1. Neighbouring Cβ atoms within 10 Å as the yardstick, rank 61, 198 fewest first.
2. What's the extension gain from residue 182 to residue 110 if we count 0.36 nm per residue and subtract their Cα-Cα distance?
3. Rounded to the nearest 5, what % of the DSSP beta bridges within the stretch 64-222 are antiparallel ones?
4. Which ordering of 209, 63 is given by a fewest-first count of other beta-carbon atoms within 10 Å?
5. Give, in nm to one decimal, the length gained when the segment between residue 220 and residue 78 is fully stretched (0.36 nm per residue of separation minus the Cα-Cα distance).
6. Need one number for the stretch 43-243: average projected area of the convex hull over its C-alpha atoms, nm².
7. Which order do 136, 171 fall in if you start with the one that has the fewest other Cβ atoms within 10 Å?
8. Order of 88-100, 176-188 by packing, highest average Cβ count within 10 Å first?
């Protein structure tokens, strides 16, 4: 009996050694697969910040139209193609909601496939509303400058801030929107604008955006003709800004 027990112990140690060897081989195989993936995400083509107005003028229906519009864009085949068509075949994107405060609703998310884009779209659809009363765009730009772009996980060929709202900044804070815009542009950031032309400021908002908000390489304004037009305008805007190249 002792000999039998000893033999079983030896056999057990042999099995343990075999399992350990198999695990080492598997780990090495995984490392060899993961290495190219890590190399592929050492840099992305675009880092995109979506800065969305959730102030008092944005009721629950309007909020959903914005979130659904962003999500539909990331589910769109042309948008996905634009994301993956760059030299690095990758981008980072984050969602910021702003009113008289600004918060990150969806943190930096890496997109390297259609599945990644669909997963981000799902996060946007379920993002909790973080709104309050006033339209303080300066809060949004300040958050982006101090707490969002500095924490971009990897470098990007282009850094783009995509700002949308149905009104101009009405908080009169310091520094003001044009000052923050100029600081971001000086650091190499492009700020594009999507004024939502609905409400009291519909006739003048696009002009205010052009004068105070947009800036940087290839910056542009693309308005939405009201909240019902948000999805169409956002899709078109994504395709345009994601397709831009840093050397253009």
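Just so you know, all these numbers are worked out from the coordinates, no wet-lab data involved. The structure displayed is predicted, hence computed values, not measured ones. Note: ideal-geometry Cβ built from the backbone for every residue, glycine included; neighbour counts use all protein chains shown.
1. Numbers: 61 9, 198 19.
The order, fewest Cβ neighbours first, is 61, 198.
2. Details: separation 72, 0.36 × 72 = 25.92 nm, distance 2.74 nm.
Between residue 182 and residue 110, full extension yields 23.2 nm more.
3. Numbers: 8 of 16 bridges.
Approximately 50 percent, going by the DSSP bridge assignments.
4. Values: 209 24, 63 18.
The most exposed by this proxy come first: 63, 209.
5. Details: separation 142, 0.36 × 142 = 51.12 nm, distance 1.99 nm.
Contour length minus the Cα-Cα distance gives 49.1 nm.
6. Working: hull surface 37.5 nm².
With the hull built on Cα positions only, its mean projection is 9.4 nm².
7. Values: 136 23, 171 16.
Ascending Cβ contact count within 10 Å gives the list 171, 136.
8. Numbers: 88-100: 22.6, 176-188: 16.7.
In descending order of packing, they fall as 88-100, 176-188.
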